[in-house]
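Input: a single structure, listed below in structure tokens.
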Amino acid sequence: MAARSGFSGWLHRASDSDVWWSFKSSPMTVTAAVATVLIVAIAFLSPVLAPHTPFDPATLNLIDGLKPPAMLSSDGDWTFPLGTDDQGRDVLSSIMYGTRLSLAVGFASVVVAMVLGIGLGLVSGYFGGTIDAVIMRIADVQLTFPAILVALLIDGIVRSTISVQRHDEIALFVIVGAIGLSFWVQYARTVRGSVMVEKNKEYVQAARVIGLSPLLIMVRHVLPNVTGPVLVIATINLGLAIITEATLSFLGVGLPPTEPSLGTLIRLGNEVLQSGDWWITVFPGATLAALVLAVNLLGDWLRDALNPKLR
Amino acid sequence: MATESNNPPLLDVRNLRVEFPTRRGTLVAVDDVSFDIAPGEVLGVVGESGAGKSLTGNAIIGLLEPPGRIAGGEIHLEGRRIDNLPYEEMRKIRGARIGAIFQDPLTSLNPLYSVGRQLVETIRTHLPLSAGEARTRALDLLKEVGIPGAESRLDHYPHQFSGGMRQRVVIALALCAGPRLIVADEPTTALDVSIQAQIIALLKRLCREHGTAVMLVTHDMGVIAETADRVAVMYAGRIAEIGPVRDVVKHARHPYTKGLMGSIPNLGVRTERLTQIDGAMPRLTEIPAGCAFNPRCAERGSRCLVERPDLMPAGADKAACWLHDRGGVGRPLAKETIDA
Amino acid sequence: MPDGGGAQFVRLAGLKRYFDVSAPWLVRKIEGRPRQIVQAVDGIDIEIAKGETFSLVGESGCGKSTVARLVVGLYPPTAGTIEFDGNDMAGRRSRSDMAALRRRMQMIFQDPYASLNPRWRVFDIIAEPIRAFGLSTDKADLQKRVEDLLRQVKLTPADGRKYPHEFSGGQRQRVSIARALASQPEFLVCDEPTSALDVSVQAQILNLMVDLQRRFGLTYLFISHNLAVVYHISTRVGVMYLGRLVEVAPTETLFTRPKHPYTRMLLDTIPDLDMTGRQRSPVAGEVPSPLNPPSGCTFHPRCPFANDRCKIERPKALSIEGGTVACHAIAEGRLAVEERSYAANS
């Protein structure tokens, strides 16, 4: 195979690779990928695409309150295709902004968990011995707390130390930190396992013969070779993180109503569900389900595609 | 080949073709391979990795790993066609009529059962013996393959044996039902040199005593030279040369075989440099037209680039090379300058 | 060569390396198991002269690969010293002095599929030692050096842009050799460099190594289990058994006048390609576990010449015919030196 340089070479290799091939030959995966890209694109373009700016109090009018979805009811108003909530906020716009927040929290917490987990996993696997034992025992303890409990704990501590108003301001960071902290163990364990395999390979020994420092060896040689499994966990974790955020927000310890994520929207809608205004909670719920399902399907495919044993 | 005698061959392989369908097209891993094995004969099949020698062996014992499949040709064992048998039929023949020995003895043994139990089960699958009789036979087999203290070893598990001893157990397992043919795929490759010699001596003795024929697949010319009666040299999925082992080793007719023999360090004379065949065997996706060896061949001619040679008489052997055809290789050509 | 002036290039003295393979402390205490120590290398002395190829042969588990890794500093020795060109490798010295020493010795590994980082391009793999030792100042110079190295191992400069998986096993081993040569070393430790290769490719690599040795005046420590290869490439040969050196001799002497019973046994296992009718006499028994090596001479349980002394007393190395041998039977004159000849293949 001729080696081509630059981007065209990369494109050529990518389109020729086994991973791309396995992607193309799975209609389910292609559907999931299209759905994910669509949801992410719409969410992040929501300031442009959304018909209303639901969280600007100046634009809200209580007269528009609790309108049913236009497409389903003659009472509806086509300026609010999916209806409005009790404040007169457009549900469609709320979902778009909410999805953006949910995704942001999901991505950010996955990054936090990844950085923490990969770092600790590398150190643990490469050096072994006491450092390894200490890190892994901390991981064991961490695993005995469910993610929700950790998040509640951190949120509780933050709430008790700072004012409510300040809390709303930093709620985003608290929840990202809380979710990130509860997910790092999986990365650390996977990376540690891979590192222990890789570090005995001869290419790492060759680097040691040259006299490279352990840090350089880890970053330059070992890390690029353990990214496969990390990528798989990250994709699967993204779905989990979004769900966890939604759960926390539903319980009222996540994002505040002034900045509602999908979970907050579901909670707000749930409060008025008894009076028959179902659309306020069902549409955000369906969006959440679709998003998480699509991401999980991608994760499952990636796991199979990168696992040579299943090929 | 050796069919001049009146005895029908034990194994007769005709125009065997093994293919691997891939998304980039079908790869032909074994191409038009024909040979036979007489009862009690040891046929060595030698070649470098990727030459198709193991696949040929696997095709015969009916254990091609999918998506690999037999795409053409016929395999006859004792006059019966076996390449198109359903899986269950083939499973009965494997073990009863054909025994198999693989490179890694650990993969041939179940780690969860004692070797005695595995032997007894295999014996009883293929022979109508009671449990007690089967155990006696298992014990005899272990003694025969030279396992010291066989009585006590019968109840040991595979991990309690050393590599060499494990391979002996595998040989015992292959011999359980008294097969007529044993297909041994790199049986000594995973073993230390001193153990290799032991295992080869054992195989030779057992075949002589039982009249079992062996198809010995290996990359080690030394093992072949010591063990085989005839040898088939494979290159890029085809047989390049086949003949009595002494003729092939001492008077190779195919340029590839000559190169192969020359590249083995010789204990008699110390030379500064070994004879080397430049380049490497082509990947299955890049097999050149004409003779597959032509880009590496010093003696090639214009004919070799276009016309594929079949096996033809060459001295005491048969070789797939136009050098031995009346028409010759055609206009002489320089060897391609490949990165040497 | 070995008696050339006394100043040896590489000198291993009383080198030992033990590995602790015990179960974890808690498991050991609960199950009442003792500590388990593998004596992988148990006191060996080797001197290698500049420009020669010294080979270590032995069966798996004899410690030959551990010696290779000790020499290049992948493991610290349990005891003993490694001297390289008069420098004690364990001595305290500054980082830059250490790097200067490391630059002069490199290693070629056995498995061409594991010894190259699959995520790196060949150019970067070969450039790494040049960068690490700061041998190149600018990009153009680095480019030129890597291209020269690729040509020296009979690859093309265009191959630098490829990834390891695009090469065959033999070509990968060439990349591995190019990387080892990149820091312009004087001493190469080669750990079974051809044992994963097919014979025709093995011949290419051995020829390449001989060419490079002549061109750059390299010194090789060559580890192998293949006696025919060792015969072909070595100046002197050391035979290892269970972590100890049982015999050292110039190549021709070792193969034609073997002394130690284990050496003779190993020579018996060489396949008879010439079909002279020489009978391979398979030796009974297997290598004992290095966890629990036999007392005295570790070879005594398999040795046809062993007596009571062999079971108790570890034999010392005795100088004989330009080499050394550690065997009571030879030292006491109970066992005569054996003459062997090999037919030249037509």
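Is there a residue being touching an Asp or Glu at 6+ places or on another chain (Cβ under 9 Å), buried (at least 16 other Cβ atoms within 10 Å of the Cβ) and either in contact (Cβ under 8 Å) with a residue 24 or more places away in the chain or of a type in the set (D, E, K, R) (or both) anywhere in the range A:202-220? Yes - at least one qualifying residue is present in the range A:202-220. Restricting B:Arg296, B:Arg270, B:Arg283 to those that are basic (Lys, Arg) and more than 22 Å from C:Gly169 (Cα to Cα) reduces the list to B:Arg270. Annotation for the range C:25-41: at least one member residue is within 12 Å of chain A (Cβ to nearest Cβ), exposed (fewer than 15 other Cβ atoms within 10 Å of the Cβ) and assigned to a helix (DSSP H, G or I).
Looking at C:Val246, C:Val237, C:Val229 in this structure, which one is assigned to a helix (DSSP H, G or I), of a type in the set (A, V, I, L, M, F, W, C) and crowded, with 23+ Cβ neighbours inside 10 Å? Before the answer, list the steps.
Details: C:Val246 fails: assigned to a helix (DSSP H, G or I); C:Val237 fails: assigned to a helix (DSSP H, G or I).
None of the others qualify; the one that does is C:Val229.
Can you go through C:Asp159, C:Asp211 and tell me which one is open to solvent by 30 Å² or more (accessible area, probe 1.4 Å) and facing chain B (nearest Cβ under 9 Å)?
Details: C:Asp159 fails: open to solvent by 30 Å² or more (accessible area, probe 1.4 Å).
Exactly one residue qualifies, and that residue is C:Asp211.
Among the residues of the range C:113-133, those that are buried (at least 23 other Cβ atoms within 10 Å of the Cβ) and part of a loop (DSSP other than H, G, I, E, B) comprise C:Ser115, C:Leu116, C:Asn117. Would the range B:143-157 turn up any residue that is open to solvent by less than 70 Å² (accessible area, probe 1.4 Å), under 29 Å from the mean Cα position of the chain (by Cα) and modelled with pLDDT of 90 or more? There is no residue in the range B:143-157 that is open to solvent by less than 70 Å² (accessible area, probe 1.4 Å), under 29 Å from the mean Cα position of the chain (by Cα) and modelled with pLDDT of 90 or more.
Confirm whether A:Arg267 is within 14 Å of chain C (Cβ to nearest Cβ), free of Cβ contacts under 8 Å to residues at least 24 places away in the same chain, part of a helix (DSSP H, G or I) and open to solvent by 10 Å² or more (accessible area, probe 1.4 Å).
Spelling it out, it is not the case that A:Arg267 is within 14 Å of chain C (Cβ to nearest Cβ), free of Cβ contacts under 8 Å to residues at least 24 places away in the same chain, part of a helix (DSSP H, G or I) and open to solvent by 10 Å² or more (accessible area, probe 1.4 Å).
In the range B:56-70, which residues are open to solvent by less than 40 Å² (accessible area, probe 1.4 Å) and either among the β-branched types (Val, Ile, Thr) or on the phi < 0 side of the Ramachandran plot (or both)?
Step one: list which residues in the range B:56-70 are open to solvent by less than 40 Å² (accessible area, probe 1.4 Å), which gives B:56-62, B:64, B:68.
Passing the criteria: B:Thr56, B:Gly57, B:Asn58, B:Ala59, B:Ile60, B:Ile61, B:Leu64, B:Gly68.
For (1) modelled with pLDDT under 90; (2) surrounded by 16 or more Cβ atoms within 10 Å (Cβ to Cβ); (3) under 26 Å from C:Val201 (Cβ atoms), each residue gets a yes or a no:
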position	(1), (2), (3)
B:Pro309	no, yes, yes
B:Gly315	yes, no, no
B:Trp322	no, yes, yes
B:Arg331	yes, no, no
B:Glu336	yes, no, yes
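Assess whether B:Arg308 counts as being within 8 Å of chain C (Cβ to nearest Cβ) and more than 23 Å from the chain's Cα centre (by Cα). Even if it seems obvious, please write down each step before you answer.
Values: within 8 Å of chain C (Cβ to nearest Cβ): no; more than 23 Å from the chain's Cα centre (by Cα): yes.
Against the criterion (within 8 Å of chain C (Cβ to nearest Cβ) and more than 23 Å from the chain's Cα centre (by Cα)), B:Arg308 does not qualify.
Exactly one residue among C:Gln110, C:Gln171, C:Gln143 is closer than 17 Å to C:Val201 by Cα, more than 8 Å from chain A (Cβ to nearest Cβ) and open to solvent by 40 Å² or more (accessible area, probe 1.4 Å), and that residue is C:Gln171.
With respect to (1) among the small types (Gly, Ala, Ser); (2) open to solvent by less than 20 Å² (accessible area, probe 1.4 Å); (3) at pLDDT below 90, the lone exception for B:Ala292 is condition (3). Tell me which residues, restricted to the range B:195-251, are of a type outside the set (Gly, Ala, Ser), within 14 Å of chain C (Cβ to nearest Cβ), in a strand (DSSP E or B) and over 18 Å from B:Leu181 (Cβ atoms). Once the filter is applied, which keeps residues that are of a type outside the set (Gly, Ala, Ser), within 14 Å of chain C (Cβ to nearest Cβ), in a strand (DSSP E or B) and over 18 Å from B:Leu181 (Cβ atoms), the range B:195-251 yields B:Val233, B:Met234, B:Tyr235, B:Pro244.
Considering (1) more than 30 Å from C:Leu291 (Cβ to Cβ); (2) hydroxyl-bearing (Ser, Thr, Tyr); (3) surrounded by 22 or more Cβ atoms within 10 Å (Cβ to Cβ), say which one C:Ser136 fails and leave the rest. So C:Ser136 meets the others, but not (3).
Filtering the range B:65-122 down to residues that are polar (S, T, N, Q) and not in a loop (DSSP other than H, G, I, E, B), which residue is modelled with the lowest pLDDT? Full working, then the answer.
Within the range B:65-122, the subset polar (S, T, N, Q) is B:84, B:103, B:107-108, B:110, B:114, B:118, B:122.
Filter once more, keeping what is not in a loop (DSSP other than H, G, I, E, B): B:107-108, B:118, B:122.
Numbers: B:Thr107: 77, B:Ser108: 81, B:Gln118: 91, B:Thr122: 88.
The residue in question is B:Thr107.
Taking B:Gly259 as the residue in question, decide whether it is open to solvent by less than 20 Å² (accessible area, probe 1.4 Å) and either more than 9 Å from chain C (Cβ to nearest Cβ) or of a type in the set (Val, Ile, Thr) (or both). The answer is no for B:Gly259. Do you know which of the residues in the range B:232-250 that are more than 21 Å from B:Cys304 (Cβ to Cβ) and open to solvent by 30 Å² or more (accessible area, probe 1.4 Å) is nearest to the chain's Cα centre (by Cα)? Restricting to residues being more than 21 Å from B:Cys304 (Cβ to Cβ) and open to solvent by 30 Å² or more (accessible area, probe 1.4 Å), the top hit is B:Pro244. Among the residues making up the range C:189-208, those that are in a loop (DSSP other than H, G, I, E, B), more than 7 Å from chain B (Cβ to nearest Cβ) and not β-branched (Val, Ile, Thr) are C:Glu192, C:Pro193, C:Ser195, C:Ala196, C:Leu197.
The values are calculated or read from the model by the stated rules, or taken from the named source; none is laboratory data. Predicted model only: the values in this text are computed from it and were never measured. No Cβ is skipped: glycine too gets one built from the backbone with ideal geometry, and neighbour counts run over all protein chains shown. Note: areas computed on protein heavy atoms with side chains; ligands, DNA, RNA excluded. Shrake-Rupley method; radii C 1.70, N 1.55, O 1.52, S 1.80 Å.
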